[in-house]
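To keep things clear, I will list the structure first and then write my remarks on it.
Computed from the coordinates by the stated procedures, all read-outs in this text should not be read as laboratory data. The model shown is predicted, which means the values in this text are computed figures rather than measured ones. Using ideal geometry, Cβ is built from the backbone for each residue, glycine included, and neighbour counts are taken over all protein chains shown.
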Amino acid sequence: MSSSSGPQQLNDRIVQYRVHRERDEFIASIRDEDVLRLAASYHNDDTCDFFTPPTCESYKTRGSYNICYFVEFEDGEQWVVRIPLKPCLAFGAQNKLENEIAVMQLVHEKTTIPLPTILASKLGDGPGPLSSFLILEYVDGQKLSSFQLQSITNDQRQQLYNSLADIYMQLRRLEFPSIGCITGEGKLKKPATIDLNMQELEGLGPSRIQDLYYTHGPLTSANKYTTMQLNIVYNAFLQSRNSVFDLEVGKEALYHQHLFRRFAERWVDCSLDSGPFVLVHGDLEPFNILVNEDMEIISVLDWEWSRVVPCQYFLPPLWLKIVDTTRLAWPSVYEDWLNTFDELQAVLKSRELEVYGNDLLHEEWRQGRQNGGFLIANALESWTDVDWVAYRYIGYTQHEGKDDLMDRVRMFMEEDVAHESTIWRKLEVNHGYEAELARLRQERSRQAEPGSDNRDSASRCAGAKMFLQLHKLAVKLISTPLTPRVALTALAVAVTIGSLVPWRRALRG
């Protein structure tokens, strides 16, 4: 079985071990003959067998949230049997499929965006692996890759940009009265995203915050949506067991939460509070785009994370030149990306004027690009990007970057004694997390030589424990009359603390 490229890993490695173990057990419970029998039942019980697509290594391919089986009938018809990986879905397979099917039907009816035809489906959260599935037509194409983007010809790039422009300009014109995921009845419920799914799996509880904003029905305020996202981001930082593993970097991270929030609150366009609210794919990355040899997009896959958002969150493809959005947070890299984005913008404007007689999306994106707007919107729906955007983009465009960072952090920490307590509390939680992770890794590699990951985990665990011990000692010293002996002890504590920071982010730059 081959695995396809997909979204990032879970942040909590302990949860990731558990989810991946349950995922592998789930996949092992799927019998090939049951998949073939299922497909045949929707094709007059005709004989069928598996086939391996030219771009795959096996007749089945595992992604982050689904496993796909490629089936061919004697008449040459080819299908994809797509089974949700239930252990990887915090909100359930039924909710995921309900939203995906509703959106695919809507997009098929309202646009010319190419997507696979739905042949059969079943929505359920029963114990069996085939209690939920989606059968789609097989589309013969090649998944777009970042490597291709760097090596295509000018004609191919023009064709790709034409296809992207057609997709985005049509999605933008699908407007709705409220924000959220589309149900089979055409109503909207709480949004589910890749990031929210990961947070929920890790036990961070983002849905509890969402509930506060959906108690009185649909959410119809873009301003409240942004406030909700800011609260979800901060909650994830506070609840995550491994978001702080070092005292000084922890202070920076807490300050960056504050810095990002202030910047994001200014970024919100209050004139758009009542809409428009528009449909986004939710995972329109290269691995979900099929192209032909001319780089024309022939199918858009995996609509499971699609949802309706305020138009400020309707983002262009950030992967046009660089895949890593944390690198894109550097002002110079963002400016370089904007040059490539301008090429797409020119194509988009031409296509919009040709088809609609106006340049609605082109104009919105022209405004949205300013002051790192795309970075802010993306980070609000991907919480681990917040620290990078705050440090790199906001820190270097609104302040003096690394040069004045220590002073800014110091003043922030002095504003409220609770800030220091927050960091120490998170360090204590991380100490327990690292100890548990070390035990788990030792269990997994009991018969093998411990790798560098084990040593790194043990080092972090010991370092966190040392920090806590030194903190208790420092508290005692503060209340002790100053004598030469106490002064020397305090100096030793300070020097030791200074030496216990080997884990500072290597990418701070």
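Things worth noting here:
- Extension gain, Asp34-Asp211: 0.36 nm per intervening residue step, less the Cα-Cα distance, totals 59.8 nm.
- Database remark: amide H of Gly205 closer than 5 angstrom to no amide H (H placed geometrically; neighbours at sequence offset of 5 or more, or on other chains; Pro and chain starts carry no H).
- A Förster radius of 25 Å combined with the Cβ-Cβ distance from Glu343 to Leu106 puts the calculated FRET efficiency at roughly 0.25.
- Once the chain from Arg366 to Asp24 is taken as fully extended at 0.36 nm per residue, the excess over their C-alpha distance is 118.6 nm.
- Based on alpha carbons, the Rg and Dmax found for the chain are 25.3, 92 Å.
- A DSSP coil position with no more than 10 other Cβ atoms inside 10 Å describes the following GluC sites (Glu not before Pro) in region 263-296: Glu293.
- Exposure proxy for Val291, Val355: other Cβ atoms within 10 Å of each Cβ, ordered fewest to most, give Val355, Val291.
- Peptides 237-248, 214-225 ordered by packing proxy, namely the average of other Cβ atoms within 10 Å per residue, highest first: 237-248, 214-225.
- Under the Debye formula (equal points on every Cα, no solvent term), log10 I(q)/I(0) of region 146-403 at q = 0.14 Å⁻¹: -1.03
- About its Cα centre, the dipole of region 308-412 is roughly 140 debye, where the only charges are +1 on Lys and Arg Cβ and -1 on Asp and Glu Cβ.
- Seen against the Cα atoms of the chain and their longest principal axis, helix 452-478 is set at about 40 degrees.
- Calculated FRET efficiency for the pair Tyr42/Glu415, C-beta based, R₀ 41 Å, to 0.05: 0.05
- Model label zone, Asp125; criterion: amide N under 20 Å from point 7 Å along Cα-to-beta-carbon; scope region 74-104: 83-103
- Spacing of the two label points (7 Å from each Cα toward its C-beta) at Glu354 and Gln150, in nm: 3.1
- As computed over region 240-332, the Cα convex hull volume per residue (Å³): 178
- Only one residue of Leu85, Ser332, Phe237 has its Cα farthest out toward the positive end of the dipole of the chain, where Lys and Arg carry +1 and Asp and Glu -1 on Cβ, and that residue is Phe237.
- The chain - charge dipole about Cα centre, Lys and Arg +1 at Cβ, Asp and Glu -1, debye rounded to 20: 2540
- Converting phi to 3J(HN,Hα) with the Karplus coefficients 6.51, -1.76 and 1.60 and the offset θ = phi - 60°, region 321-331 yields 10, 9, 7, 6, 6, 6, 5, 4, 6, 5, x Hz in sequence order, with x at every glycine or proline.
- Based on C-alpha pairs under 8 angstrom that are at least 6 apart in sequence, the chain has a relative contact order of 15 percent.
- In this rough spin-label picture, where each label sits 7 Å from Cα along the Cβ direction, the Glu137-Arg425 distance is 5.6 nm.
- Computed magnitude of the charge dipole of region 310-371 (debye, nearest 20; Cβ of K, R +1, Cβ of D, E -1): 140
- Quotient of the Cα radius of gyration of region 2-138 and 2.2 N^0.38 Å, N being its number of residues: 1.08.
- Working note: 222 nm ellipticity from helices only, DSSP H runs with n ≥ 4, each -39,500 (n - 2.57), summed and divided by the residues of the chain, gives -16000 deg cm²/dmol to the nearest 500.
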